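In what follows, a single structure is set out as structure tokens and then discussed.
The values are calculated or read from the model by the stated rules, or taken from the named source; none is laboratory data. Since this is a predicted model, take the numbers as computed values, not measurements. Protein only, heavy atoms only, side chains kept; ligands, DNA and RNA dropped before computing areas. Shrake-Rupley method; radii C 1.70, N 1.55, O 1.52, S 1.80 Å.
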Amino acid sequence: MSDVKKQFIAGAECPACHAMDQVRMWYVDGVPHCECAACGYTDRLESESQPRSDDDPQPLRIIDG
């Protein structure tokens, strides 16, 4: 199994426990995943290919330089 680089997201709040600066992200086969280091909450983020209306909030884009 290859090592996956997990990055903490500054200013992000966990949707489960509301802890700040504890959310980290990584990609598996191009699909973004996140987890909270404080409570263990995990989630696979939505596909960006889903249609959105102009009124929907836009996702945060993370550019890995």
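Some points to look at:
- Identity of the residue in the range 1-14, within 11 Å of the chain's Cα centre (by Cα), of a type outside the set (D, E, K, R) and open to solvent by 50 Å² or more (accessible area, probe 1.4 Å), that ends up nearest to residue 63 (Cα to Cα): 7
- Checking each residue of the range 27-49 against the condition of being open to solvent by 90 Å² or more (accessible area, probe 1.4 Å), polar (S, T, N, Q) and at pLDDT below 95 gives at least one match.
- Yes/no for residue 15 being assigned to a loop (DSSP other than H, G, I, E, B) and at pLDDT below 90: no
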